[in-house]
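Let me begin by presenting the structure, written as structure tokens, before commenting on it.
Readers should treat all values here as calculations from the given coordinates under stated rules, not as data from a laboratory. Just so it is clear, the model here is predicted, and its values are computed rather than measured. Ideal geometry is used to build each Cβ from the backbone, glycine not excepted, and the neighbour counts take in all protein chains shown.
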Amino acid sequence: MALRRRGRLALGVACAVLLIASAITVRLVLTWDPRGPDVKDTRACPGSNVSLAEVTGHFGLVIPPDATDVRFSSDLHPFFGEYSLRLSFQTTTSGLRAFLDRSGLSTSGTEDEADTEPAPLDGPSCGFGSASFHAPRYYGGERPSEGGPTQRQAAVDRRDAAHLRVVVSAMDL
């Protein structure tokens with residue numbers, strides 16, 4: 001009798017342990033975030049999972065040293081390894097020129113002329129977007145990278161020449 005009781009008790013304990021392990025496994029699977037933890041940078045929008053240095057390096061973008069009000073939203077796809085970036089900052093005319101030159105962003109037309117075919121470009125959801133720009137100037141183009149081509153564009157609001165607003169969008173194609 002005592003042997004049967006011990007067997008039932010052991011079976012009950014094994015079932016309870018299995019039930020608890022199953023519940024923990026289900027909870028982990030349902031709450032698993034494949035994109036990883038948010039970036040711990042005060043300039044990052046919630047949900048950004050790649051550091052600013054890593055994502056700008058991937059896209060060959062060099063933020064000017066005089067940039068202020070920097071905000072960004074970044075993502076690295078967990079399965080495909082594709083990067084995307086939305087970046088917003090303010091800079092001076094010389095900072096803009098340095099950014100465009102070092103980042104290899106091309107212009108179409110003269111410095112004073114606005115593009116006639118603006119591409120849709122929005123800034124970080126937690127920051128300043130280009131929707132309220134007045135006659136923005138667009139820069140951009142594709143750039144080959146190790147993982148394949150990338151699309152990069154920048155919109156510049158020149159309303160305040162001392163504090164130019166730049167919104168950059170970049171993504172792997």
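So, R0 is 45 Å and r is the distance between the beta-carbons of Ala162 and Glu54; what FRET efficiency does that work out to, to 0.05?
Once the sixth-power term is evaluated, E becomes 0.90.
Subtract the Cα-Cα distance of Thr68 and Arg5 from 0.36 nm times their separation in residues, and report this length gain in nm to one decimal. Provide the component values of the computation, followed by the final result.
Numbers: separation 63, 0.36 × 63 = 22.68 nm, distance 7.31 nm.
That works out to 15.4 nm of additional length.
HN-Hα J couplings of region 149-163 from phi, Karplus 6.51/-1.76/1.60, θ = phi - 60°, integer Hz, Gly and Pro as x?
Once rounded to whole Hz, the list reads x, 10, 10, 9, 9, 9, 10, 10, 9, 9, 4, 10, 4, 7, 9.
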